[in-house]
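What follows is a short report on a single structure.
The values are calculated or read from the model by the stated rules, or taken from the named source; none is laboratory data. The structure displayed is predicted, hence computed values, not measured ones. A quick note on method: Cβ atoms are made from the backbone with ideal geometry, for glycine too, and the neighbour counts reach across all protein chains shown. The area values use the complete protein model at the heavy-atom level, side chains included, leaving out ligands, DNA and RNA. Shrake-Rupley method; radii C 1.70, N 1.55, O 1.52, S 1.80 Å.
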Amino acid sequence: MGEPFISVKNLSYAYEEDDGRKIQVLKNLSIDIMRGDFLAVLGHNGSGKSTLARILNMILFADSGKVVIDGKEIIPNEISDDEIIELRKKIGMVFQNPDNQLVATIVEDDVAFGPENLGIPSGEIRERVDNALAELGMSEYAKHEPHRLSGGQKQRVAIAGILAMLPECIIFDESTAMLDPKGRQEVLSAIEKINREKGITVIMITHYMDEAARADRVVVLDDGDLIFDGKPEEVFSHEKELISMGLDVPQCTSLIYKLREAGFKLEGRCLSAKECAELLFGELKNN
Ligand code: ADP
């Protein structure tokens, strides 16, 4: 398996209020993330998901515990700015609001902005921009104005801008939360493609159960504690606990659980509408 790309051990973090009061947000959190993982981080509002993302992007530093990224331990006050810059090249961040991430008036200039800041030669920038737009299915919009695009398209331009910096890992912090259902699907498919075809490690923070179900691994945070860490089918088998944390399971999964409780023998995984249909048709054929 090799070394984890990101290793977090016993991480704690508290925000300090103006009056000196501490708000403990992460408590003794441990998690290893391997290269190529597609990890979803689930948790209700305020559970500490964004704080974890900020720590992994070195915007914040742990109060205690150990954070190692690509073999380098992040020790506050010891790590140099140059080392932080080098590590940040490896981990891109995509945020919630696409409008806050777009800086240029033409799509291709926007995608070029990141690599330009990295000092990449212009010929190579052209190639990276073209490739990134093609990966995101946005080539035909290269000369368009970003503000005229749909939410899903804008977010795909923002992702292309990150991809053009050739990161090893991308953290998506609720990147579909402001989109309509079509936009959400476009962005989710893009995230899956980036992981499956390019092998980029994906950390996807979300509060949508159906999105988390598409990851290979789901971790659940509740008030800064890591409650579950496993394959989606394992994590979503804890329906009652998830509901008590203000979360849920995907609708199709919940339906199958109810039918099982009612005595139907529906064996197999159910995390998507397709798997749900297969189980139900299978049951009908057997009867
Ligand atoms: P999530 O992403 O799961 O919604 P956050 O990591 O954003 O959770 O926040 C966790 C907790 O930390 C919340 O209670 C929130 O109010 C608090 N918090 C977040 N940012 C700050 C900040 N800059 N100063 C003080 N408290 C904060």
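Miscellaneous remarks
- Label positions at residue 34 and residue 89, each projected 7 Å from the Cα along the C-beta direction, are separated by 2.7 nm.
- Taking all protein chains as shown and a probe of 1.4 angstrom, residue 63 keeps an accessible surface of around 90 Å².
- Cα gyration tensor shape for the chain, rounded if a/c is under 1.5, else prolate or oblate: oblate
- Seen through its C-alpha gyration tensor, with square-root eigenvalues sorted a ≥ b ≥ c, the stretch 88-175 comes out oblate because a/c lies at 1.5 or above while a/b is not bigger than b/c.
- Ordering of 193-200, 259-266 by packing [mean C-beta count within 10 Å, highest first]: 193-200, 259-266
- Residue pairs, from the table 182/274; 22/90; 154/240; 9/274; 49/90, whose Cα atoms sit over 26 Å apart: 22/90; 154/240; 9/274
- Take every DSSP beta bridge whose two residues both sit in the chain; close to 55 percent of them are antiparallel.
- Computed [θ] at 222 nm, helices only, for the chain once each DSSP H run of length n ≥ 4 contributes -39500 (n - 2.57): -11500 deg cm²/dmol
- Sorted peptide list for 206-212, 74-80, criterion being average Cβ within 10 angstrom, highest first: 206-212, 74-80
- Taking only the Cα atoms of the stretch 136-276, the radius of gyration and Dmax are 17.2, 58 Å.
- Portion, in percent, of the accessible area of the stretch 97-209 that falls on carbon or sulfur, probe 1.4 Å: 49 percent
- Cα shape, the stretch 61-216, gyration tensor, a/c 1.5 rule: oblate
- Length-normalised contact order for the chain - Cα pairs under 8 Å, 6+ apart - percent: 21 percent
- Once all protein chains are placed together, residue 94 keeps about 0 Å² accessible to a 1.4 angstrom probe.
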